[in-house]
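So the structure is just underneath, and the comments pick up after that.
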Amino acid sequence: MADVSGRRLGKFAGLDQPPTLIARALPLAELMAARVRWRDSGSGTPSRLDCNNGYLVCLQRRDLPAGPYWIDGRPTPRMPISSGQFLLLDLNEEHASLNYASVDCVSIYCSRDALNRFQEEHELPPIGQLRSARGIAFEDDVIRNLGECLVPAFEWPETANQLFVDHVALALLAHLTGLYGEQPAVLRPFRGGLSPWQERRAKDILLTHIDGKVGLVELARECGLSRSHFARAFRTATGLPPHKWLLARRIELAQELLRNPKLSLKEIAIRCGFTDQSHFTRVFSRLMHASPGDWRRLRL
């Protein structure tokens with residue numbers, strides 16, 4: 001799935017075959033993301049985006065100078081883009097450019113169908129088109145943070161947690177709907193939580209899939225809710241979004257197992273749903289400020 005998505009998103013980024021292209025894709029819930037990088041060839045790198053019924057968020061992670069740019073074949077000024085800024089491109093138009101710099105960007109494709117489904121799910125009025133300022137980049141801390149939090153998943157795609165990427169997808173859809181629509185729509189405050197049986201059922205499913213390979217759609221369906229309703233209700237009930245709640249349980253289980261000196265770190269990693277010992281060590285060390293081995297030695 002990721003390989004196919006990478007090829008598609010590579011085409012969206014106009015980078016079919018440049019020799020230094022690195023496009024690692026991550027399928028999200030109703031969206032598709034990739035980190036696309038290439039080095040400056042010295043003579044400029046042409047790119048072209050095929051028309052598609054959706055939008056492309058291009059978060060630049062390096063400064064990009066102004067350069068030749070065309071929309072539907074017509075020259076369009078493109079201002080310099082600073083690291084951390086992003087372009088919002090309407091892919092109903094054909095975009096082409098010539099870049100005279102090395103590129104490192106996180107590109108997230110969002111179909112119009114995904115936006116429409118999100119609005120229907122929240123009973124929002126139509127927001128119209130997204131406001132895509134032609135050739136001008138936006139400065140938006142939310143978009144930058146959402147894009148940056150995906151970077152580790154591109155570096156270690158095998159460790160990407162489905163609950164986490166679903167959470168990012170919903171957050172992006174909510175932000176685009178609330179800020180960039182022609183008629184921006186604000187989500188109504190949510191105060192309700194899960195019923196006791198829904199909370200028990202959700203937690204049981206999460207613990208059964210301790211590796212995180214279960215999505216919000218499955219959890220919501222088991223609770224008889226829409227995915228957005230479920231995500232907000234779960235957070236209201238537990239104080240944490242599903243992916244963070246599950247991660248906390250994984251760390252708790254790891255701490256319990258680390259007290260058993262007969263279990264190797266590799267065995268503990270697998271039992272706690274981590275891909276391998278390296279993945280376990282990286283996550284545990286970040287959250288506990290000590291490696292699993294050091295944590296164990298201090299408690300045995």
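The values are calculated or read from the model by the stated rules, or taken from the named source; none is laboratory data. Keep in mind that what you see is a predicted model, and the values were worked out from it rather than measured. Because the Cβ atoms are built from the backbone with ideal geometry, glycine has one as well, and the counts that use them run over all protein chains shown. All accessible areas refer to the heavy atoms of the entire protein, side chains included, with ligands and DNA or RNA removed. Shrake-Rupley method; radii C 1.70, N 1.55, O 1.52, S 1.80 Å.
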Inside the stretch 28-72, the number of residues satisfying the requirement of being within 23 Å of Leu115 (Cα to Cα), of a type in the set (D, E, K, R) and in contact with a strand residue (DSSP E or B) (Cβ under 8 Å, 6 or more places away or on another chain) is 2
Among residues of the stretch 268-300 being open to solvent by 90 Å² or more (accessible area, probe 1.4 Å) and either of a type outside the set (Lys, Arg) or in a loop (DSSP other than H, G, I, E, B) (or both), the residue nearest to Pro152 (Cα to Cα) is His289
Filtering the stretch 217-231 down to residues that are open to solvent by 10 Å² or more (accessible area, probe 1.4 Å), assigned to a helix (DSSP H, G or I) and in contact (Cβ under 8 Å) with a residue 40 or more places away in the chain yields Val217, Arg227, His229, Ala231
Selection from the stretch 35-66 of residues among the small types (Gly, Ala, Ser), over 26 Å from Gly128 (Cβ atoms) and surrounded by 18 or more Cβ atoms within 10 Å (Cβ to Cβ) yields Ser47
Here is a check on your reading of the model: is Pro261 without any contact (Cβ under 8 Å) to a residue 60 or more places away in the chain, surrounded by fewer than 15 Cβ atoms within 10 Å (Cβ to Cβ), in contact with a Leu (Cβ under 7 Å, 6 or more places away or on another chain) and farther than 30 Å from Arg131 by Cβ? yes
Quick count over the stretch 66-93, residues being under 19 Å from Tyr55 (Cα atoms) and within 25 Å of the chain's Cα centre (by Cα), is 11
With the condition kept exactly as written, say whether any residue in the stretch 66-88 is basic (Lys, Arg) and touching a residue at least 60 places away in the same chain (Cβ under 8 Å).
no
Phe234 passes all but one of the listed conditions (1) touching a helix residue (DSSP H, G or I) at 6+ places or on another chain (Cβ under 8 Å); (2) crowded, with 19+ Cβ neighbours inside 10 Å; (3) modelled with pLDDT under 90; the exception is number (3)
Out of (1) modelled with pLDDT of 90 or more; (2) under 21 Å from Thr275 (Cα atoms); (3) touching an Asp or Glu at 6+ places or on another chain (Cβ under 9 Å), the one Leu207 does not meet is (3)
Picked from the stretch 67-99 (must be hydroxyl-bearing (Ser, Thr, Tyr), at pLDDT below 90 and in contact with a Lys or Arg (Cβ under 6 Å, 6 or more places away or on another chain)), the residue surrounded by the most Cβ atoms within 10 Å (Cβ to Cβ) is Tyr69
Given the criteria in contact (Cβ under 8 Å) with a residue 60 or more places away in the chain and either touching a Pro at 6+ places or on another chain (Cβ under 8 Å) or under 27 Å from Gly181 (Cβ atoms) (or both), does Ala96 qualify? yes
